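What follows is a short report on a single structure.
The values are calculated or read from the model by the stated rules, or taken from the named source; none is laboratory data. Keep in mind that what you see is a predicted model, and the values were worked out from it rather than measured. Cβ placement follows ideal geometry from the backbone for every residue including glycine, while neighbour counts extend to all protein chains displayed. Protein only, heavy atoms only, side chains kept; ligands, DNA and RNA dropped before computing areas. Shrake-Rupley method; radii C 1.70, N 1.55, O 1.52, S 1.80 Å.
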Amino acid sequence: MELFFNPFDNLVCILLGISFTVWFTLLLVFIIVPAIFGVSFGIRRLYMKTLLKVFEWATLRIERGAKEKNHLLYKPYSNAIIAKEPTSLEEEIKEIRRSGSNKDLDSATEFELSDIFYFARRGVESIMDDEVTKRFTAEELKSWNLLTRSNYNFHYISLRLTVLWGLGLLIRYGFLLPLRVTLAFTGVGLLVFLTSVVGLLPNGRMKNFLSEKVHLMCYRICVRALTAIITYHDSENKPKNGGICVANHTSPIDVIILASDGCYAMVGQIHGGLMGVIQRSMVKACPHIWFERSEVKDRHLVAKRLSDHVEDKSKLPILIFPEGTCINNTSVMMFKKGSFEIGATVYPVAIKYDPRFGDAFWNSSKFGMVNYLLRMMSSWAIVCSVWYLPPMSREEGEDAVQFANRVKAAIARQGGLVDLLWDGGLKRAKVKDTFKEEQQKLYSKMLVGTQEDRSRS
């Protein structure tokens, strides 16, 4: 028996050895080496174009099959806001009074029972068309991308579509996922090891040069671990040393997307575990800004650390996401004013993902980090566009909030995103009482104003 199994065992060992050799050779030649030199063979873009043709065929097949079976395909669900003409509270209440009474509005009493219909209607509109809650759910697609998540209106399934979906499942989990996990561990491992080695060097130009090359190489490997296809626009506006780069925030991978095209000083809270190991190794090679948990809420300390960093023109630009939470790739929500109070030059960056290939949005209240990364690595690809906007500075007489809103509006306009005034913190918090009190004040002001007008007359 031993003599019978020995040749078989040897054959298995030889085949496994050949497989691993071929696997790592392909990784080295087609992924790691191009990442070191910042070049691309165009394989990912060819892969993207092929996927688009497959998606188009699948969508046409669904539509044709639904038409043959007389199934209605409704208009796809949209995360857009219901279009309403901008009118004031007073104008809308007067319109309600006018439609419900033949009396002259000037002789109307201070309060009419019909006024409550305005607030009831606004409440129903807020429930049906909630501008905030819908920004924290994945946007629906106009076509099927052969993933589980698709447009809820497409229910038609055929044998060919089922076979195609099964083939896609096999490719994503049998080939792409192992490849991407290998690349992710390679990128993170090299980042920890090489930044620790560079950190042993004395401060100087050589250390800064090697640190920049190491960071770029490792982030580019991590980008390839997601099969990320990124198009950068207006690179002449890339952030420069001594400035602050601010961008809209859709996903934790926003950091990798931007850092694969340029080096930044990261800002964040010190963590434990694997993230803590990465942070400690990175700060040895580059002056990142990490805060203890007790220091995060100290605004003056945070502002002082940021100011000291930007005053040194030899240090890398700071990368900040002022929204403070992830938004679902459709909107830009309120920017926190802290990073706009420092007085440094701000470099706005707009990031827009293509949801057809994979949903980059991280719904942190629904998925943990590991689950989210698994979804990313098992999707078809991550396709996005990045726009570097011209640098902006605080104008004379402009406060930090106005400056933040001006930068936010520019990012939203360039990225084709909805510009919202709401705070992203409402993702986990209740609406402040001040919002309700504001409506009460407007209504009371209207009533008091009506009474004063009659007393004058």
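Considering only residues in segment 394-420 that are charged (D, E, K, R) and in a loop (DSSP other than H, G, I, E, B), the one that is surrounded by the fewest Cβ atoms within 10 Å (Cβ to Cβ) turns out to be Glu396. If the condition is being among the aliphatic types (A, V, I, L, M) and within 18 Å of the chain's Cα centre (by Cα), then segment 197-224 contributes only Val223.
Scanning segment 292-321 for residues that are more than 12 Å from the chain's Cα centre (by Cα), assigned to a loop (DSSP other than H, G, I, E, B) and either at pLDDT 85 or above or not hydroxyl-bearing (Ser, Thr, Tyr) (or both) turns up Glu292, Arg293, Glu295, Val296, Lys297, Asp298, Asp312, Lys313, Lys315, Leu316, Pro317.
No other residue among Gly268, Gly276 is within 25 Å of the chain's Cα centre (by Cα), at pLDDT below 85, under 21 Å from Thr195 (Cβ atoms) and outside any strand (DSSP E or B) apart from Gly276.
Screening Val223 on (1) closer than 25 Å to Gly324 by Cα; (2) in contact (Cβ under 8 Å) with a residue 12 or more places away in the chain; (3) open to solvent by 30 Å² or more (accessible area, probe 1.4 Å) shows it passes everything except condition (3).
For Phe175, the conditions (1) free of Cβ contacts under 8 Å to residues at least 24 places away in the same chain; (2) within 15 Å of Met217 (Cα to Cα) are fulfilled apart from (2). Checked against (1) open to solvent by less than 20 Å² (accessible area, probe 1.4 Å); (2) in contact with a Cys (Cβ under 9 Å, 6 or more places away or on another chain), Val246 passes all but condition (2).
In segment 360-376, the residues that are within 16 Å of Leu147 (Cα to Cα) form Cβ pairs under 6 Å with partners that are open to solvent by 40 Å² or more (accessible area, probe 1.4 Å) and among the aromatic types (Phe, Trp, Tyr), at six or more places apart or across chains, as follows: Tyr372/Trp362.
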